[in-house]
Every structure is written in structure tokens, then in C-alpha cells.
1. Please sort 63-72, 50-59, 35-44, 95-104 by packing, taking for each peptide the average over its residues of neighbouring beta carbons within 10 angstrom, highest first.
2. Please list 149-159, 7-17 highest first by mean number of surrounding beta-carbon atoms within 10 Å per residue.
Amino acid sequence: MIEALVFYMFALTAIASGVMVVVSRNPVHSVLFLIVAFFNAAGLFVLLGAEFLAMILVVVYVGAVAVLFLFVVMMLDVNQVELRQGFLQYLPIGGVIGGILTFELLFIVGAWQFQPDVSAAIAAAAPPPDQVTNTQALGSLIYTRFAYLFQAAGAILLVAMIGAIALTHRKRPGVKKQKIADQIAREDSIELKKVETGRGI
């Protein structure tokens, strides 16, 4: 009875937090609600007996990713109107790149073949279920049954990282940035003087 109440509490709070992440107009509030959703999801993992997943969710996502989102949102001060202005300009080249990546992924998935005895060999080499730890069971599932989904998640994170870099390096009026090439090309920053022996400058 107590486990059911705790489950419903975590589940309803996680759902409400997820809805608020999408509905909130302030990006900072969305990130804070995302942190709440992560904590409640970690509680659900603990109830399921997946303590390793709960720890990873709190340490990695709440402690690193969500805090990074929060700092990026607060530092960038993203203007949505300016972002939408140049969307059509980069749409053709983005479509070409997306088409090439899609073709490559379809080619890889279509050419991928498992040997017929691989599944039997994996099942034979696997230890009994009562001797498998939580982490080992998770790793075997991720890298065998859910390998494609794991790779897709990595691709999504790569696209998100590229988007964050593009947002950071966009040009804004009134913001000074360091230009290393211009600094190196300067000729008046250093002056060489020949000092005679026994005399100062």
C-alpha cells in the first residue's frame, strides 16, 4: 500500500513537471521543472530496483546536464525572433546534410547482418539471472537488444551539442569577442630594442 502511494506520488509529480517543462514560457523555469522531473524519475527507478539508473540520473542529468542547461539559458539570453529570421536561409543546406545523414544511416541499417548463431552464443555465455548485477544487466541490454536506440540517443545528443555551439558563436551587436588571429597578426604589440653592453634602455 505504501509503495503504491509513493509510486503515484512520484509518477504524478514527474508528469506534472514534464508538462510544465513544455508549457513554461520562461526557459529558466523550464529547466528547473526538468530537474524536478529527473528527481521523480530517479525515485521511480529506485522503486523498480534499478538503483544504478537512479544514481546515474541524479549524478549525470541533474548534477551536470540540467545545471549546464540552466547556465547556458541564463548566459545566452536567446532571442527567438532573431533565431527564426535566418531559418529559411540555412534550410536548403540543412536539408542536404540531413538527407545525406539519413541515406548513410539507412545504408548502414540495411547492410547490417548478424550471424545466425550470435543470439545462441550470447545466451549460452550469459550467467544465470540471479548472479547478474544491476549494472551488468543494464549494459548487456543497451549494447545488444537496444543498440540502435542507444546510437540514436547519441546522435540526438550530438545534434544538441552542435546547436548549443552554434547559439554560443552567433554574432550579436555590442558583444566583444576575442579574435586570436587578429591578436597574433599584430605587429605593434612587441618592440625589439638593441641594448648596448653595460648600459640600460
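1. Numbers: 63-72: 14.7, 50-59: 16.2, 35-44: 20.2, 95-104: 10.4.
Per-residue Cβ counts within 10 Å, averaged per peptide and sorted highest first, yield 35-44, 50-59, 63-72, 95-104.
2. Values: 149-159: 11.2, 7-17: 14.8.
Answer by packing, highest mean first, reads 7-17, 149-159.
Values quoted throughout were computed directly from the atomic coordinates according to the rules given, and no laboratory measurement underlies them. Since the structure is predicted, the reported quantities are computational estimates derived from the model, not experimental observations. No Cβ is skipped: glycine too gets one built from the backbone with ideal geometry, and neighbour counts run over all protein chains shown.
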